[in-house]
Amino acid sequence: MAMLDIQNITISYKNHPTVVDFSMSLEKGQIISIVGESGSGKTTVIRAAFGLLAGGGKVTKGDILFEGKSVLGFSDSEWRKIRGTDMSMIFQDSGAMMNPTKKVGSAYIEYIQTHEHISKQDAFNKGVTMLERMRLPSGDNVMRSYPFQLSGGMRQRVGIAMGMTYQPKLLFADEPTSALDVTTQAQIVRQMMELRDNYGTSLVVVTHNLGVACYMSDHIIVMKNGQIEDQGSRDYMLHESTNEYTKKLLDAVPSIGGKRYV
Ligand SMILES: Nc1ncnc2c1ncn2[C@@H]1O[C@H](COP(=O)(O)OP(=O)(O)O)[C@@H](O)[C@H]1O
Ligand SMILES: [Mg+2]
């Protein structure tokens, strides 16, 4: 049984079908990327699978199964139980998601305390441990910082640490590296790949960079105008696909030191 099985879904905003006939099957420990230009429906797909569609968006056809169970009928309390623990999401710029007037620590403690009844001090220590595990040395300093005092890469590591606090089986990442400079991008990409290696986490990564997608993923889905345009393995994408749109995305990948990955 697939961990996440998206079956022929249509997603509509205000009765207007935006994503049509989208299917995807993700196994445990697998990394799948969804690639496409801005507006192609990537965020809509993963938000649907995470139960967080904005703007009155609804899955109007098909089904989304997590570990064999349809998530479409989940109540708020069922979602609260699995979000953060079974599945998590990290966002494009974790900094933008953070309250600028709140220190990282108080946001992190609050997050932990919505998931388990532990003291502030224990939550603080747990946060520090996770930050340090996610390559943020002196986690206690990070906890005492405001988001603006951290670099983009550090903020993204905070986002990853928070998302990984309860070692979810499935992690969605929405353009996790787009806000970062190229060197930091590469570090974060590798760090996300290590989540699979170290924790067995399955990943669904949204990106507009087909190079990043090919570097990271077992399977790549190319979306265009709300539909799947092309899909396959890294080798297929890089060497075999004859799809014009895929080739265009490949041409758009920035080349770094002669290497076109990441
Ligand atoms: N909150 C929303 N309300 C109404 N329509 C939306 C909303 N979010 C996205 N859409 C529609 O869905 C389309 C795809 O958006 P999105 O999934 O964010 O694309 P991507 O992540 O690929 O850039 C948009 O062009 C827009 O028409
Ligand atoms: Mg998006």
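According to the Cα gyration tensor, what semi-axes, each the square root of 5 times an eigenvalue, does the equivalent ellipsoid of the chain have, listed from largest to smallest in whole Å?
30, 23, 16
Let me spell out the model: positive unit charges on the Cβ of Lys and Arg, negative unit charges on the Cβ of Asp and Glu, origin at the Cα centre of the chain. What dipole size does that give, in debye rounded to 20?
620
Among S106, S138, G152, whose Cα sits farthest toward the positive end of the charge dipole of the range 96-167 (+1 at Cβ of Lys/Arg, -1 at Cβ of Asp/Glu, about the Cα centre)?
Comparing the listed Cα positions along the dipole, G152 ranks first.
Hey, which of these cross-link pairs are over 19 Å Cα-Cα: K42/K224; K42/K103; K28/K69; K103/K126; K28/K169?
Cα-Cα > 19 Å for K42/K103; rest within.
Around G232, what is the net charge, scoring Lys/Arg as +1 and Asp/Glu as -1 over all other residues with Cβ under 12 Å from its Cβ?
-4
Take the Cα gyration tensor of the range 1-130, multiply each eigenvalue by 5, square-root it, and list the three semi-axes largest first, rounded to whole angstrom.
30, 18, 14
With charges set only on the Cβ (+1 for Lys and Arg, -1 for Asp and Glu), what does the dipole of the range 151-262 come to about its Cα centre, in debye to the nearest 20?
On the way: 11 positive and 12 negative charges, 58 e Å.
Roughly 280 debye for the range 151-262.
For the range 89-155, which GluC sites (Glu not before Pro) pass both filters: DSSP loop (anything but H, G, I, E, B) and at most 15 other C-beta atoms within 10 Å?
E116
How large is the Rg to Rh ratio of the range 73-193 when both quantities use alpha carbon positions and Rh follows Kirkwood?
0.96
So, counting K/R as plus one and D/E as minus one, what does the shell of residues with Cβ under 12 Å around I90 add up to?
Summing Lys/Arg as +1 and Asp/Glu as -1 gives -1.
Arrange the peptides 195-206, 239-250, 66-77, 164-175 so that the one whose residues have, on average, the most other Cβ atoms within 10 Å appears first.
Going from most to least packed, we get 164-175, 195-206, 239-250, 66-77.
Does the range 168-227 come out rounded, prolate or oblate by the C-alpha gyration tensor, with a ≥ b ≥ c the root eigenvalues, rounded set by a/c under 1.5 and, if not, prolate when a/b is larger than b/c and oblate if not? Intermediate results must be reported in sequence, preceding the final value.
On the way: a/c = 1.87, a/b = 1.16, b/c = 1.61.
Because a/c hits 1.5 or more and a/b fails to exceed b/c, the range 168-227 counts as oblate.
Roll a 1.4 angstrom probe over the protein heavy atoms and tell me the percent of accessible area of the range 61-160 that is carbon or sulfur.
That fraction is 51 percent.
Let me check the size of the range 96-167 from its C-alpha atoms; what are the radius of gyration and Dmax in Å?
Final numbers for Rg and Dmax: 10.8, 31 Å.
The values are calculated or read from the model by the stated rules, or taken from the named source; none is laboratory data. These figures come from a predicted structure and were not determined experimentally. All Cβ positions, glycine included, derive from the backbone under ideal geometry; neighbour counts span all protein chains shown. With ligands, DNA and RNA removed, areas are computed over all heavy atoms of the protein, side chains included. Shrake-Rupley method; radii C 1.70, N 1.55, O 1.52, S 1.80 Å.
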